[in-house]
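J.: Encoded as structure tokens, here's the structure I'll be asking about.
Any read-out appearing in this document is the output of simple, stated calculations on the displayed coordinates, not a laboratory observation. In this text, all values refer to a predicted model and were calculated from it rather than measured experimentally. Please note: Cβ atoms are built from the backbone with ideal geometry, for glycine as well, and neighbour counts cover all protein chains shown.
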Amino acid sequence: RLDAAEERAERAEARAVKAEARAAKAEARVAELEARLRKDSSNSSKPSSIDQFKKPAKKRSLRRKSNRKPGGQAGHEGRTLQRVAVPDRVVDHFPAACGVCEADLSDIDSLGFESRQMFDIPDPRTEVIEHRLHSLRCECGNREKAQAPEGVVAPVQYGPKVSALAAYLYEVQFVAKERVAETIEAVTGTRMSTATVEAMASRAAEKISLSEFIERVRAYLAEGEVLFVDETGIRVAGTLAWLHSASNETAAVFLAHPKRGKDAIAAMDILPHFTGVMHHDCWAPYDAYANIVAHQL
């Protein structure tokens, strides 16, 4: 009997060892699965597409509570609509009848009025202007025809204002040319093709002396008190290049150049003439200009 009891105890101990091994294996598996669940595109090489199944962490604002009241602060320049002394149009309104006895008030003089001003734009419409170039015969027998105003060059054409609007929407507001044409037609009733929009923008660009404009901006930056300069790598036609910048609060010049150093900085043609405070990231070629008053890194 003693031998049988020892044998049962050994079997029980073996089962306990196996159970512990299975429990340890299961615990390791659970830890592995939990680790997988914690992985996303921010802490592993997994794609961002898996993030959609994960509840986003609640973001806590870093802003501190202030004692300021909501809305515009004292000293802030407001943009509240203000009345004008002389309106463009005045519309008088009179009561038609008495609200008590219903008597006609059409012939009664006004006792005074309360004015309310509304700012609005008139209904936009395209104005068709026909220029008639008359011919006259002089006493000497010569027949003289009037000259067309500047810019009037075709039997039918668009005027300068609609052309300016199309160029503004296309080049300044970055509206697609299809939508520029749709917008102008919806607002003014004037139909135009996308090719016309593009041609208007091109003609507007041709009237600007780009080289003269850039020289004026360069001179403006060079004459300022503070200048920020930087450079960053870009790809131009598949080749590494450097985009250099020089700027202040209101203007900036950018130059794409194959070099990062002194050749590109010289090509910008601003630093050799600048005598103020220059902000930069400690790129060595910026220290070569003795005319700089001070450097801020």
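J.: Please compute the modelled spin-label separation between S211 and S44, points set 7 Å along Cα→Cβ, answer in nm with one decimal.
T.: The answer from the label model is 6.0 nm.
J.: So, in nm, how far is label L37 from label R191 when the simple model puts each one 7 Å beyond its Cα toward the Cβ?
T.: Distance between the two pseudo-spin positions: 6.3 nm.
J.: Oh, and also: Given a 10 angstrom Cα cut-off, can you work out which residue in H93, H131, H244 is the most mobile in a GNM of the chain?
T.: Judging by the Gaussian network model, the answer is H93.
J.: Per-residue HN-Hα couplings for segment 244-256, Karplus 6.51 cos²θ - 1.76 cosθ + 1.60 at θ = phi - 60°, whole Hz, x for Gly and Pro?
T.: 9, 9, 9, 7, 9, 5, 10, 8, 8, 10, 10, 9, 8
J.: Further question on the same structure: Could you tell me which label, among (i) 19.9; (ii) 24.5; (iii) 30.8, carries the value of Kirkwood radius over Cα pairs in Å calculated for this structure?
T.: Only one option fits the structure, namely (iii).
J.: Just subtract the alpha-carbon distance of N248 and V128 from 0.36 nm times their residue separation and send over the number in nm, one decimal. Intermediate values should be presented prior to the final figure.
T.: Working: separation 120, 0.36 × 120 = 43.20 nm, distance 4.48 nm.
Contour length minus Cα-Cα distance gives 38.7 nm.
J.: Pull out the extension gain between N291 and R89, defined as 0.36 nm times the separation in residues minus the alpha carbon to alpha carbon distance; nm, one decimal.
T.: Extra length from N291 to R89 when fully extended: 66.8 nm.
J.: How large is ³J(HN,Hα), in whole Hz, for each residue of segment 220-234 in order, when computed from phi with the Karplus curve 6.51 cos²θ - 1.76 cosθ + 1.60 and θ = phi - 60°, using x for Gly and Pro?
T.: 4, 5, 5, 8, x, 8, 9, 9, 10, 10, 6, 8, 8, x, 9
J.: Going by Cα centres, segment 228-264 and segment 114-182 are how many Å apart?
T.: Their Cα centres are 41 Å away from one another.
J.: Of the residues V226, V187, V175, which exhibits the maximal mean-square fluctuation in a Gaussian network model of the chain defined by a 10 Å Cα contact cut-off?
T.: Fluctuation is largest for V226.
J.: Then there is this: Which aspartates and glutamates, on any chain, are close to K177 with Cα under 18 Å apart, when same-chain ones fewer than 8 places away are left out?
T.: Partners found: E185, E198.
J.: Find, among the trypsin sites (Lys or Arg not before Pro) in segment 128-191, those assigned to loop by DSSP (not H, G, I, E, B) with at most 10 other beta-carbon atoms within 10 angstrom. Before the final figure, lay out each step's value.
T.: On the way: sites: R132, R137, R143, K145, K161, K177, R179, R191; in loops: R132, R191.
When the trypsin sites (Lys or Arg not before Pro) of segment 128-191 are filtered for loop state and at most 10 Cβ neighbours within 10 Å, R132 remain.
J.: OK, next. At what distance in nm do the modelled label points of R79 and L105 sit from each other, each positioned 7 Å from its Cα along Cα→Cβ?
T.: Each label point lies 7 Å from its Cα, and together they span 4.0 nm.
J.: Calculated FRET efficiency, E182 and E225, Cβ-Cβ r, R0 41 Å, to nearest 0.05?
T.: E between E182 and E225, to the nearest 0.05, is 0.35.
J.: What is segment 175-253's relative contact order, in percent, from Cα pairs under 8 angstrom and six or more apart in sequence?
T.: 20
J.: Which ³J(HN,Hα) values in Hz, rounded to whole numbers, follow from the phi angles of segment 190-205 under the Karplus curve 6.51 cos²θ - 1.76 cosθ + 1.60, where θ = phi - 60° and Gly and Pro get x?
T.: Coupling constants for segment 190-205: 8, 8, 8, 8, 5, 5, 5, 4, 5, 5, 4, 5, 5, 5, 5, 5 Hz.
J.: Taking chymotrypsin sites (Phe, Trp or Tyr not before Pro) that fall in a DSSP loop and have at most 10 other Cβ atoms within 10 Å as cut points, what is the longest piece of the chain between them?
T.: Longest run free of exposed loop sites: 175-297.
J.: State, as an integer percentage, the relative contact order of the chain based on alpha-carbon contacts under 8 Å between residues 6 or more apart.
T.: Computed over the chain, the figure is 8 percent.
J.: With springs connecting C-alpha atoms under 10 Å apart, model the chain as a Gaussian network and identify which of K259, K69, K207 has the largest mean-square fluctuation.
T.: Result: K69 has the largest fluctuation of those listed.
J.: Here's another thing I want to ask about it. 5 Å is the cut-off here: which amide hydrogens, built 1.01 Å from N in the peptide plane, fall below it relative to W242, excluding neighbours closer than 5 in sequence?
T.: The answer is I234, H257, K259.
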